[in-house]
Amino acid sequence: MNVKALTESGVTANESVTPRPPAKRNSGFWKSVLQQKYLYLMSLPFVIWVFIFSYVPIWGWLMAFQNYKPVRSFSEQKWVGLDNFRELFQDERFYLVLRNTLAMSMLGLIFGFVVPILFAVMLNELRGNVFKRSVQTISYLPHFVSWVVVGGIVYKTLAIDGGIVNDLLLWMNVIDEPIQFMAKGKYFWGVLTAADIWKETGWNAIIYLAAITGIDKELYEAAKVDGAGRVKQMFNITLPGIRTTVMVLLIMNIGHLVGIGFEKQFQLQNNMVTDYSEVLDLYALKYGIQIGRFSYGTAISMFTSVVSVILLFTANGLMKKFAKESIM
C-alpha cells in the first residue's frame, strides 16, 4: 500500500499500520471438544480398548527377530536378526500357501463384493414392504450361523450319497455319476467362495441398503417424469448414489487380501485338499504355534500385517487419484 493510498484512507505517512494478531487455529478444535465433551467421553473407552488390544501387542513383533523360548525372560532371548524371514521366503510351501490366499481373496473380492451390491439394488426395487423385509431378514440370518455349522451343511449338501447338489445334477442329466466335490482340490476355491457368498451376502448388503435410503427420492420422481424406467433409474441414480460407500468398502477389502483369516478354510478343509485350502494364517498356526516355533509364526503374521498395510495405502492412493474417493 503506497503513501497516497494510506492518506486517502485516513492514515498519514507517519502513522504505522498495526498488524492484527494471528487467529488461534487450535481454539476451534478445543471449543468443539468442550461442546461435545460427552460424546468424546463416551468414545474414550473404545479408544482405550483399541489401544490396548490393537497397538500394545505390536511389541510382540520383536519375537520375529528372536529365537523365542517361553521359559526365558525377554532379556534372555537369543536374537537371530532376519533368519526367520530368510527361512520363510526360502520355503516352497510358503509360496503355495500365498497362492491359495491370494486366489481365494480375489474370488471373495470379485464375487463376495459385487453380489451384495447387486442384491441390495435388486432388493430395493421390490415394491411390497412385507415381502421385501422378509427377504432381507432371511438373507442375513446365515451370518449368525457359526462356520462349524456351515461346514457341516456344505459337506452334507455336496455329499455323493444323498447330497442335494449331486442329486439335482444327476436328475438333470448334467453328470453321469456323483462328483466328490470335497475330495478334489480344484473345486475347493469355488465351494468356499459359494459358501461365503451364501453366508454373508445378506449381511453385507445392509450397508448398501442404508446408503440407498439416503438417496433423495425427488431424483427418482424427476426421472419418472423424464420417462426413465426402473433399469435406467438403477444405473443413473441408485448406483451413482452409493458410489462413495462402494469405494470405501472396496479400499478396505483390498487391504484384507492377504489377511482373510482361517475359519472358513479350517472348517471345510481335509487331507485331500490341503494343497488348495491352506492359507497364511493356517500356515502360521501349523508350522509356527502348534510345533512351538513362536518366532517363525510371528514372522508369518508380521509379513501378513505389513503387506495388508501396504495394500491399504496403495488402494487408498489409487482411488484418491483416479476416483477422487479415499478413507484418509
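The values are calculated or read from the model by the stated rules, or taken from the named source; none is laboratory data. All values derive from a computational prediction rather than experimental measurement. In this analysis, Cβ positions are derived from the backbone assuming ideal geometry, glycine residues included, and neighbour counts consider all displayed protein chains. Surface accessibility is based on the protein's heavy atoms, side chains included, excluding ligands, DNA and RNA. Shrake-Rupley method; radii C 1.70, N 1.55, O 1.52, S 1.80 Å.
Express the relative contact order of the chain as a whole percentage, based on alpha carbon pairs under 8 Å and six or more residues apart in sequence. Walk me through the numbers on the way to the answer.
On the way: 304 pairs, mean separation 76.4, N = 328.
Relative contact order, the chain: 23 percent.
Legend: distances between Cα atoms for Lys199/Lys264; Lys31/Lys324; Lys156/Lys286; Lys156/Lys199; Lys69/Lys286; Lys264/Lys286; pairs beyond 20 Å are Lys31/Lys324; Lys156/Lys286.
Rg and Dmax of region 158-216, both derived from C-alpha coordinates alone, stand at 17.2, 54 Å.
Measure nothing but the geometry: give the 0 to 90° angle between the long axis through the Cα atoms of 147-157 and the longest principal axis through the Cα atoms of the chain, rounded to 10°. Long axis of 147-157 versus the principal axis of the chain: about 40 degrees. Split the accessible area of region 135-250 by element, probe 1.4 Å, and carbon with sulfur accounts for 64%.
Helix 92-124 and the longest principal axis of the C-alpha atoms of the chain enclose an angle of approximately 70°.
Since only Ile291, Leu250, Gly317 are under comparison, the one whose Cα sits farthest along the positive direction of the charge dipole of the chain, derived from C-beta charges on Lys, Arg, Asp and Glu, is Gly317.
May I ask you to give the average projected area over all directions of the convex hull of the Cα atoms of region 212-267, in nm² rounded to one decimal? Before the final figure, lay out each step's value.
Working: hull surface 22.5 nm².
Here the figure is 5.6 nm², rounded to one decimal.
Relative to the longest principal axis of the chain, what angle (0 to 90°, nearest 10) does the C-alpha long axis of helix 243-254 take? Computed tilt is about 60 degrees. For region 205-317, the spread of Cα coordinates along the three principal axes comes to 69, 34, 19 Å, biggest extent given first. Between the amide H of Gln66 and those of Val80, distances stay under 5 Å, these residues lying 5 or more places away or on another chain, with hydrogens modeled in the peptide plane. Computed from point charges on the beta carbon alone (+1 for Lys and Arg, -1 for Asp and Glu), the dipole magnitude for the chain about its Cα centre is near 1020 Debye.
At q = 0.07 Å⁻¹, what is the base-10 log of I(q)/I(0) for the chain according to the Debye formula with one equal point scatterer per Cα and no solvent? Please give it to two decimals. Debye intensities relative to I(0), on a log10 scale: -0.49. Centroid-to-centroid, using Cα positions, region 134-161 and region 62-114 are 31 Å apart. Placing a label point 7 Å from the Cα of Lys320 along the Cα-to-Cβ direction, the residues of region 251-265 with a backbone N closer than 15 Å are 251-252.
Can you send over the carbon and sulfur percentage of the accessible area for region 264-319, probe radius 1.4 Å, protein chains only?
Numbers: 1660 of 2520 Å².
The value for region 264-319 is 66 percent carbon and sulfur by accessible area.
A DSSP coil position with no more than 13 other Cβ atoms inside 10 Å describes the following trypsin sites (Lys or Arg not before Pro) in region 39-111: Arg72. For region 174-183, the Karplus equation 6.51 cos²θ - 1.76 cosθ + 1.60, evaluated at θ = phi - 60°, returns couplings of 6, 10, 9, 8, x, 9, 8, 4, 8, 10 Hz by residue, with Gly and Pro reported as x. For region 68-322, the solvent-accessible area with a 1.4 angstrom probe is 57 square angstrom per residue.
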